[in-house]
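Novice: Just dropping this structure here.
Taken together, the values in this text are just the output of simple stated rules run on the coordinates, not laboratory data. Keep in mind the model is a prediction, meaning the values are calculated, not measured. A quick note on method: Cβ atoms are made from the backbone with ideal geometry, for glycine too, and the neighbour counts reach across all protein chains shown.
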Amino acid sequence: MRCLHALALVLLLFASSLATAERPRVAFETTAGVFEVEVFTDEAPVTSENFLAYVDEAFFQDLIFHRVIENFMIQTGGYTAELAEREPGDTIVNESVGGPRNLRGTLSMARMRHPDSASAQFFINVRDNGHLDASGERPGYAVFGRVVSGMDVVDAISEVETGTVEGMADVPLEPVVITSVRRSPAP
């Protein structure tokens with residue numbers, strides 16, 4: 001019996017490592033440097049598919065980090081350097097209940113008050129933000145990936161000088177532009 005439990009544990013760990021190994025990666029080149037993310041297709045399939053579709057159509061290219069709050073998060077996916085809004089696709093269902101937590105380095109969908117209002121905008125947590133997690137059946141902000149390299153670049157973006165520009169708060173005064181976004185080869 002003990003042997004069966006050990007075998008089951010080994011198989012579970014092996015299956016878990018396979019699932020993690022198959023997670024797609026995406027490289028972001030910005031005017032502040034390069035960072036790479038891993039997408040949680042296994043834990044947030046709808047959100048991941050949505051994000052990767054935007055990556056594949058180069059939607060994020062030439063957009064800026066338009067909302068930057070030091071010691072909280074950096075947000076992108078909506079505006080050019082001229083603060084012209086890029087029109088996103090349809091909204092998606094919120095996968096936060098029972099999903100991964102908003103920990104430092106994770107990517108999460110930005111949304112309006114309605115839980116199922118996310119489309120293209122997302123943010124990267126620069127610290128643990130448990131208050132953004134789902135609580136019981138109350139939806140939070142859906143986590144769908146994590147930074148796997150270049151967190152120093154994310155931290156540097158989070159520390160740029162910001163202000164109110166054209167009525168929008170927390171906008172970097174010197175735009176941080178995404179110059180390229182593409183899927184990375186498997187590690």
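Novice: Just one of (1) out of contact with any Lys or Arg (no Cβ under 6 Å at 6 or more places or on another chain); (2) in contact (Cβ under 8 Å) with a residue 40 or more places away in the chain; (3) buried (at least 22 other Cβ atoms within 10 Å of the Cβ) trips up residue 108, so point out which.
Specialist: Here residue 108 meets the rest and fails (2).
Novice: How many residues does the range 35-59 contain that are surrounded by fewer than 21 Cβ atoms within 10 Å (Cβ to Cβ), under 15 Å from the mean Cα position of the chain (by Cα) and among the hydrophobic types (A, V, I, L, M, F, W, C)?
Specialist: Counting residues in the range 35-59 that are surrounded by fewer than 21 Cβ atoms within 10 Å (Cβ to Cβ), under 15 Å from the mean Cα position of the chain (by Cα) and among the hydrophobic types (A, V, I, L, M, F, W, C) gives 5.
Novice: Please tell me if residue 145 is within 15 Å of residue 38 (Cα to Cα) and either of a type in the set (Val, Ile, Thr) or surrounded by 17 or more Cβ atoms within 10 Å (Cβ to Cβ) (or both). Please lay out each step first, then the result.
Specialist: Details: within 15 Å of residue 38 (Cα to Cα): yes; either of a type in the set (Val, Ile, Thr) or surrounded by 17 or more Cβ atoms within 10 Å (Cβ to Cβ) (or both): yes.
Answer is yes for this residue.
Residues checked against (1) among the β-branched types (Val, Ile, Thr); (2) assigned to a loop (DSSP other than H, G, I, E, B):
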{"position": "53", "(1), (2)": "no, no"}
{"position": "68", "(1), (2)": "yes, no"}
{"position": "89", "(1), (2)": "no, yes"}
{"position": "92", "(1), (2)": "yes, yes"}
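Novice: Something else about it: Go through 153, 126 for me and flag whichever is touching a Phe, Trp or Tyr at 6+ places or on another chain (Cβ under 8 Å), crowded, with 16+ Cβ neighbours inside 10 Å, in contact (Cβ under 8 Å) with a residue 60 or more places away in the chain and more than 15 Å from residue 39 (Cα to Cα).
Specialist: Numbers: 126 fails: in contact (Cβ under 8 Å) with a residue 60 or more places away in the chain.
After ruling out the rest, the residue left standing is 153.
Novice: Still on this structure, please answer the following. What tally of residues in the range 161-184 results from selecting those that are touching a residue at least 24 places away in the same chain (Cβ under 8 Å), part of a loop (DSSP other than H, G, I, E, B) and at negative phi?
Specialist: Of the residues in the range 161-184, 2 are touching a residue at least 24 places away in the same chain (Cβ under 8 Å), part of a loop (DSSP other than H, G, I, E, B) and at negative phi.
Novice: If residue 61 meets every condition in (1) out of contact with any Phe, Trp or Tyr (no Cβ under 9 Å at 6 or more places or on another chain); (2) touching a residue at least 60 places away in the same chain (Cβ under 8 Å); (3) over 14 Å from residue 177 (Cβ atoms) apart from one, which number is that one?
Specialist: Result: residue 61 passes all but (3).
Novice: Let me ask another. Could you tell me whether the range 113-121 includes any residue that is without any contact (Cβ under 8 Å) to a residue 60 or more places away in the chain, in contact with a Lys or Arg (Cβ under 7 Å, 6 or more places away or on another chain) and under 19 Å from residue 69 (Cβ atoms)?
Specialist: The answer is no; no qualifying residue exists.
Novice: Here's a check for you: in the range 90-103, which residue that is in contact with a helix residue (DSSP H, G or I) (Cβ under 8 Å, 6 or more places away or on another chain) and not polar (S, T, N, Q) is surrounded by the fewest Cβ atoms within 10 Å (Cβ to Cβ)?
Specialist: Selected residue: 93.
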